[in-house]
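Reviewing the structure listed below.
The values are calculated or read from the model by the stated rules, or taken from the named source; none is laboratory data. Just so it is clear, the structure is predicted and the values come from calculations on it, not from any experiment. Here the Cβ positions follow ideal geometry from the backbone for every residue, glycine too, while neighbour counts run over all protein chains shown. Note: accessible area is taken over every heavy atom of the protein model, side chains too, but ligands, DNA and RNA are not part of it. Shrake-Rupley method; radii C 1.70, N 1.55, O 1.52, S 1.80 Å.
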Amino acid sequence: MRVKQFEYAVATALLVLVAGCGGGGGGGGGGGGSTPTPPPTGGTPGTGTPPVTTDYTVGGTVTGLRAGAAAVTLSNGSETVPVTANGSFSFPARLQNGAAYDIKVASAPAGYTCKAFDPTGTIASANATKTVVDCAPQVLAGVRGALQAPLAVAGDGSGNLYVTDGSLHGVLKLSSNGQLGMVAGGTGQPGLANGTGSAARFWLNASGAAVDGQGNLFVGDSCNGAIRKMTAAGEVTTLAGSSSTACYNVEAAKTTPTKADGLGAAARFEGPQSIASDGAGGVYVIDRSAGLTIRQATAAGVVTTTTYPNPDPVAPVILLQTIARAADGTLYVSDDTDRIWKVGNGVLTLHAGGVLGATKDGTGVAARFGAITGMVATPNGDLYVTDFASVRKVTPAGVVTTLAGSQERGDVDATGTAARFGNLLSIGFDGTSLFVVDSGQEVLRKVTLDGVVTTVAATPAVRKTINGDAATARFGSFSSLAADADGNMYFADPVTHVVRKATPDGTVTTLAGVVNSAALPGQGDGTLATARFAAPTRVAVGRDGSIWIAQSLGLRRIKDGVVTTVDAAVRPIGLAVDPDGNAIVTTGAVSGEVLRITPTGAKTVLVTKAQIAGLAGAGADPRPQSVAVDAAGNIYFADTGTVAVYKLAKADSALTVFAGTPMKETGNVDGAARTATLGFYEVDHMTIDESGNLYLTGSGNVRKISPAGVVSTPSFVWGNASIGAITYNKGKLVGMTRYAVLQQYL
């Protein structure tokens, strides 16, 4: 033991001596002395204390990605990092204290928009972790449908189908290999323009379509009052007619639409609703309100009209509705009493159907139809008819049988009368099978000639009322959309008479009201579970968390889980809540007013119909509809009767034209007030973001109106989806289609 102690003492002394020599003066640079490496900064030798960090990481947290999403790529300067799941992230490079950083979203996963919150800063002696990157799935809940509002279907005899869509305002083609895609128009923007593919414009709202023997598609462009022709290559031209009439065109409504024969654009159609190939490159047309007349547009565009004598002296007025042409040239027409007539020798001869009694099979006048919406002839001369929710067969001898479905609505693929349809609009034949447009689900259904019904795979049935998570939730009907401070969204279901809720993760539940199997409305107040609604149409949320509901008749309010009736007599069209917690209501064509209604029911008229008309000019018929209120309390409302947006200032109650040009609808032109034009083609909805920008639907595309009243038409990630209701939610614009809730970061 003593020896070891001695050795330790000697070793210690030597260390001290060496240290002393190294630290002494050995002259300026000579000597061979050495300088020892200093200990790590802040560390204590022999104690295990870690060194002090002099560089730091930059990162944060990613939220919103769903299972299976691709990576979101983030950048900080030239450095990038992919993130494949929710949670924390950091960039590999380390930064010195005081260094600046700026995290950006370099690319979002497919189907998402992402936004970085609190993305910039300076390293302050710690790792930077404050940035949150939130990724919003484009489809918040539900599914995107291939079809938005299918109107008509026609087959070319070679297995290809063409479908017109009244929301997308375009023509889709279902190829014989099952692929469905847009071939002409389809931007969601109504108009009249010839061209190829997406350059073409239609304005569709009727179910007229037919294909000739050369594969050309003819479309009854009803709102434009024209017959359009599309070649197999997708080139669209106008065969006859012009844009002299339009469905919701204020300027066109100033004069009574007229029908006129003539060549090409000189001809006039009020609204072609059913067409059939004439077998020679032209078409036969049933025009709206045309009585007992059939119009023909030849391959050269020459339009003529043939009027037939009334074949039924008991019915003084008969309106023809649909038309079909058999392979032998025989024409068949149906009328508004649901009878089918054969056309020949200048007269109409009853082929099948009677005017009294319930729907039934039979021969000739003994048969009965319920609601004929479309007809098509197969090569052997048989007619097939869409009759409300069934497909009927009519032989050349007038024998009527039911091929598939019944007058009971539903959604069932089966054979014969066991099948169920929702609401049939049109029927086509592809050379082998029948295809029908079922607007109950907005799908195509295939019906074989022996009655087997299936849903076309490219148009799956997705329109239902089902609560559940984002993937399983379904929507059957909707009207309006509103968001609360927590990011929850509320929307009205006018068919089932309930108010539904979607959480930020897309989970959908029924908030209030009772879904009755017979869809019976009610008016009872009470708790969320017991209250009843009658056709709720609009929803708005106040700063205090109250939820206001406009019904077809009456204004309701939800506060603290209880539903009350604020005003039972008002007929609200548009609805918003001002910063003071009052409802702002428009009354449309009913009285043309803008009202303020307090939670206790006190009502004040803010804008009258006469005030709007005074700004709009001669001939104005104001119809205020959607409404929004900004943070300062200024009120904005869209008026479909004068095609403009107006502003009611909070400070002085001054009413001004804010956007659009009153009484001028000549398409959707961007620009400042009284320069831009606003088209109102569908039910309009409006919302306002935190910067004061308005967003307006009902014009085909979503229009944006700046705080200065400048109208623009921006592009959105959802493309040409038919957006109806719309709201702003924490930096995101949220819109609803018939099938889904869509969203994107602005």
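Brief remarks on what is shown
- Inter-centroid distance (Cα atoms) of region 317-349 relative to region 604-651, Å: 48
- Solvent exposure ordering (accessible area, 1.4 Å, most first) of CYS114, CYS135: CYS114, CYS135
- With each label modelled as a point 7 angstrom along the Cα→C-beta vector, the ALA708-ALA631 pair spans 2.0 nm.
- Relative to the longest principal axis of the Cα atoms of the chain, helix 2-23 runs at roughly 80 degrees.
- Helical contribution to [θ] at 222 nm, DSSP H n ≥ 4, -39,500 (n - 2.57), averaged over the chain, rounded to 500: -1500 deg cm²/dmol
- Leading residue at positive end of dipole, the chain (Cβ point charges), from ALA569, ALA397, SER88: SER88
- Evaluated with a Cβ-only charge set (Lys, Arg +1; Asp, Glu -1), region 464-507 carries a dipole of roughly 220 debye about its Cα centre, given to the nearest 20.
- Prolate/oblate/rounded call for region 614-729, Cα gyration tensor, a/c under 1.5 rounded: oblate
- Per residue value of the accessible surface for region 301-435 (all protein chains in place, 1.4 Å probe), Å²: 40
- Net dipole in debye of the chain [+1 Lys, Arg Cβ; -1 Asp, Glu Cβ; about Cα centre; nearest 20]: 640
- For the pair region 53-125 and region 716-746, the centres of their Cα atoms are 26 angstrom apart.
- Against the set [x] 65, 32, 26; [y] 49, 37, 25; [z] 69, 42, 23, the structure's computed semi-axes √(5λ) of the Cα gyration tensor in Å falls on [x].
- Accessible surface of TYR745 - all protein chains present, 1.4 Å probe, nearest 10 Å²: 20
- LEU606 accessible area, assembled protein chains, probe 1.4 Å, Å²: 40
- In Å², nearest 10: area of GLU79 left accessible to a 1.4 Å probe: 40
- Rounded, prolate or oblate (a/c below 1.5 giving rounded, otherwise prolate when a/b exceeds b/c) for region 188-233 by Cα gyration tensor: oblate
- Virtual spin-label span in nm between ALA418 and VAL365, 7 Å along Cα→Cβ: 3.8
- Where LYS104, LYS732 fall by accessible area, highest first, once all protein chains stay in place (1.4 Å): LYS104, LYS732
- Dipole moment magnitude, nearest 20 debye, region 588-710 about Cα centre, only Lys, Arg, Asp, Glu C-beta charged: 220
- Cα gyration tensor category, rounded, prolate or oblate, for region 141-207 with a/c compared to 1.5: oblate
- Over region 113-239, accessible surface divided per residue gives 31 Å², non-protein components excluded, 1.4 Å probe.
- Measuring between alpha carbons in the structure, the pairs from LYS559/LYS603; LYS115/LYS650; LYS609/LYS647; LYS603/LYS704; LYS501/LYS650; LYS393/LYS446 lying more than 24 angstrom apart are LYS115/LYS650; LYS603/LYS704; LYS501/LYS650.
- Length-normalised contact order for region 296-437 - Cα pairs under 8 Å, 6+ apart - percent: 14
- Computed on protein heavy atoms with a 1.4 Å probe, the accessible areas place LEU449, LEU172 in the order LEU449, LEU172, largest first.
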